[in-house]
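For reference, the structure discussed in these notes is given below.
The values are calculated or read from the model by the stated rules, or taken from the named source; none is laboratory data. Computed from a predicted model, the values in this text were never measured in an experiment. Counting neighbours? That spans all protein chains shown, and the Cβs are built from the backbone with ideal geometry, glycine included. Please note that ligands, DNA and RNA were not included when accessible areas were found on the heavy atoms of the full protein model with its side chains. Shrake-Rupley method; radii C 1.70, N 1.55, O 1.52, S 1.80 Å.
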Amino acid sequence: MQERNVVTIESNIPKVVAFYLPQFHENEVNNRNWGKGFTEWTNVAKAYPNFNGHYQPHVPKDLGFYNLADIDVMSHQADLAKEYGIDAFCFYYYWFDGKIALYKPIRNYLQSDIEFPFCIC
């Protein structure tokens with residue numbers, strides 16, 4: 001695995017950190033619990049307006065219904081984050097009954113050459 005640079009954050013300068021939720025790729029946990037091919041995009045696409053003027057479903061703009069198993073998607077997300085002033089990603093880490101789940105995006109990210117700070121929640 002490639003070694004990463006350590007980023008030191010000055011305490012008096014606030015940073016913008018975007019939560020990075022790994023639900024947007026097909027995986028065995030979701031296939032088993034929700035049916036083959038389920039991702040959070042399944043739920044996003046089924047949303048409907050609950051009141052007048054409620055914009056639903058929110059359709060993704062720049063990347064479409066992306067797949068987080070694709071490292072090119074993650075690289076493009078890092079580029080967009082830099083462009084829009086995001087300082088880092090915070091990968092949400094799932095641990096169920098002693099087993100990691102939804103780990104493919106963070107593993108791909110760690111094995112990639114993407115240069116963008118991150119932390120794990």
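Can you say whether residue 58 is closer than 17 Å to residue 19 by Cα and open to solvent by 50 Å² or more (accessible area, probe 1.4 Å), as far as the supplied structure shows? No, not satisfied. Counting just the residues of region 17-35 that are touching a helix residue (DSSP H, G or I) at 6+ places or on another chain (Cβ under 9 Å) and open to solvent by 40 Å² or more (accessible area, probe 1.4 Å), which one comes out farthest from residue 74 (Cα to Cα)? Checking each candidate, the answer is 34. Checked against (1) surrounded by 10 or more Cβ atoms within 10 Å (Cβ to Cβ); (2) modelled with pLDDT of 90 or more, residue 64 meets all criteria but (2). A search for C-beta distances below 7 Å between a residue of region 10-34 that is among the β-branched types (Val, Ile, Thr) and any residue that is part of a loop (DSSP other than H, G, I, E, B), counting only pairs 6+ apart in sequence or on different chains, returns 16/85; 16/86; 16/87; 17/87; 29/102.
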